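Written out below as structure tokens is the structure these notes cover.
The values are calculated or read from the model by the stated rules, or taken from the named source; none is laboratory data. Keep in mind that this is a model prediction, so the values were computed, not measured. Cβ placement follows ideal geometry from the backbone for every residue including glycine, while neighbour counts extend to all protein chains displayed. Side chains are part of the model used for accessible areas, which takes the heavy atoms of the whole protein and leaves out ligands, DNA and RNA. Shrake-Rupley method; radii C 1.70, N 1.55, O 1.52, S 1.80 Å.
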Amino acid sequence: MKAKAFDTKVFKRILKYTKPYKWRFNSVIIFAVFLSIFAAIRPLILQGTVDAYIKPKDNYGLLLYVTLMGITLLLEVVFQFFFVYWANWLGQDIVKDIRTKLFRHMLSFRMKYYDTAPVGQLVTRSVSDIEQIARIFSQGLFMIASDLMKMGVCLIIMFWMNWQLSLIVFVAMPILVFITRIFQRKMQVAFEEVRTQIANMNSFVQERVTGMKIVQLFNREDVEYEKFKSINDKHKKAWIKTILYNSIFFPIADIISSLTLGFIVLYGGFQIINGNPFTTLGEMTAYTMFIGMLFNPLRQIADKFNEMQLGMIAANRVFDILDTQDQIQDTGTFEAPVFKGDILFESVRFGYSHREEVIKGIDLSVTAGKTIAIVGSTGAGKSTIINLLNRFYEINSGTIYIDDQNIENYTLSSLRKQIAVVLQDVFLFADTIFNNITLNNPDISRDQVLAAAKKIGVHKFIMSLPDNYDFDVKERGVMLSSGQRQLIAFLRAYVSNPSILILDEATSSIDTYSEELIQRATETITKGRTSIVIAHRLATIMNADKIVVMDKGLIVEQGTHQELVEKIGGHYKNLYDSQFIVNINF
């Protein structure tokens, strides 16, 4: 899509965020008006000084006008301070509001959105793109408005002072305006490409840093290095295009400004030499200042318009996310109570894409307080059941009930509050163990955490760490082993006191010692509450009240371990024999 030189719809939308700060917005405009007046007064004072006091050699009058000039400059500095400070202050407040709104919006997205959205691009939108929006106010809008007002006042005064000299300026101005317009359009397209390449680079670096272990394990350093060089080269070329346009525009603008000044000096000089009473030395001196006050802002407006364009492009990208409606429909009005824990799936169908169903019309019941295990090959749909129960995804058809109530009738927050999940791949934040357990929930005290840790047998392990519960696990919990991360996840689930507990492959990739601790923790936290255990290793789920066997999105068998293992040729029997025969042979 072709980039617009100036997107008025996006601009109007940005301006809506100024409404809470209307008094500050208006104050900045007032400061800009005064700055334009002070800027125009200075050349007038200089003209009066030259014509009325320097030429007649009036020392007293000269001192008076110098004092007046000093007062004018002082007032201009004061207003300039408030103008710049309040414009930046306003920009930062608006950025804060947009960033908060964006993050809140992203928190509500369903998991399907994050399955396809590049993390690096989302980070770029949330941080650098939003920060660029602030520059619309700090370096763009108000600066341009101030410069335009200065130029307008100066042009009026110049025409009033000497219309003949002003005609030279009026001839040159449209030429520079036309060149500036072309420059702005070219820069708009160039900056769009720059932002695209920045997002691509952020996404690439984010993924490679996160997956650095895989890169090194498979000896892909050289390949990834070459890919990065290619992306970096595209980024460089995008920026060079903007540099090229700047390199062309600014010298041309300087030449036009210098030629205009030269013509004014030449024409005005001849007028003074020939004794023309309509042109004075003071006017000539004032005009040399006016030329700078007209042409320099026009050059700078092009630069500031670039900042506006960057901010508009960034805002457009941010608004694209804000306009994305990919949330789970939280239409429930019923606050979920403490569940008894009865769960029922009726003819539930679901697919991550429209082309293929993952769950193909299953019926499943779970009795309150019981533990059921779900087993099956990879891709059978085991983990999908968890996602549907938590409403991370919307089912295609069918109904899911908890305690005889359709889960869609519960509010999302109250539903998820009653369900705790321990995943195979435990995510820990770069924070203390205590904060990773409580997730900064103020309702969970340290005493509660310690008591829970002792009850499920995790306290001793935590106390063996430096700083104990205040130990910083770093990003993604890299300071802990996979087994230790699992223990923290179990404790996190336990202190949340859920009505329903789900363990998703929680013991599939840990050492024997950690498995023993987790088995003890499992027995403690599943006692008296509805629990769903998903496992590949059948040894961990033999004591479940019911075992559900899934294959290709269907439930193919249900029963106790003893019932299923006696079914000759059954799916569970084959899984059981394959695992235990391997162990015996080993």
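Results, tabulated for the structure shown:
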read-out	value
Residue check for Arg220: under 29 Å from Ile133 (Cα atoms), within 32 Å of the chain's Cα centre (by Cα) and among the basic types (Lys, Arg)	no
Check on Phe334, surrounded by fewer than 20 Cβ atoms within 10 Å (Cβ to Cβ), over 30 Å from Leu122 (Cβ atoms) and among the aromatic types (Phe, Trp, Tyr)	yes
Qualifying position, being surrounded by 20 or more Cβ atoms within 10 Å (Cβ to Cβ) and basic (Lys, Arg), among Lys382, Lys360	Lys382
Any hit, the stretch 521-531, residues being open to solvent by 40 Å² or more (accessible area, probe 1.4 Å) and either at pLDDT 85 or above or over 24 Å from Asp443 (Cα atoms) (or both)	yes
Number of positions in the stretch 534-580 that are of a type in the set (A, V, I, L, M), part of a helix (DSSP H, G or I) and under 46 Å from the mean Cα position of the chain (by Cα)	3
Test result for Ala32, surrounded by 18 or more Cβ atoms within 10 Å (Cβ to Cβ) and either polar (S, T, N, Q) or in contact with a Ser or Thr (Cβ under 9 Å, 6 or more places away or on another chain) (or both)	yes
Every residue from the stretch 560-580 that is farther than 12 Å from Met542 by Cβ, surrounded by fewer than 18 Cβ atoms within 10 Å (Cβ to Cβ) and touching a residue at least 12 places away in the same chain (Cβ under 8 Å)	Gly570
Which listed residue, of Arg181, Arg125, is more than 30 Å from Asn387 (Cβ to Cβ) and either open to solvent by 20 Å² or more (accessible area, probe 1.4 Å) or not in a helix (DSSP H, G or I) (or both)	Arg181
Leading residue by the ranking (surrounded by the fewest Cβ atoms within 10 Å (Cβ to Cβ)) among those in the stretch 468-492 that are among the acidic types (Asp, Glu) and at pLDDT 85 or above	Asp470
Number of positions in the stretch 412-455 that are closer than 24 Å to Ser383 by Cβ and not aliphatic (A, V, I, L, M)	10
Condition met for Ala199 (touching an Asp or Glu at 6+ places or on another chain (Cβ under 9 Å), in a helix (DSSP H, G or I), at pLDDT 80 or above and of a type in the set (A, V, I, L, M))	no
Residue within the stretch 68-81 that is at pLDDT 75 or above, farther than 20 Å from Lys150 by Cβ and either touching a strand residue (DSSP E or B) at 6+ places or on another chain (Cβ under 8 Å) or open to solvent by 80 Å² or more (accessible area, probe 1.4 Å) (or both) present	no
Matching residues in the stretch 385-438 - criterion: being of a type in the set (Gly, Ala, Ser), under 27 Å from Asn468 (Cα atoms) and assigned to a helix (DSSP H, G or I)	none
Hits in the stretch 443-459 - residues which are in contact with a Phe, Trp or Tyr (Cβ under 9 Å, 6 or more places away or on another chain) and either open to solvent by 40 Å² or more (accessible area, probe 1.4 Å) or assigned to a helix (DSSP H, G or I) (or both)	Arg446, Val449, Leu450, Ala452, Ala453, Lys455, Ile456
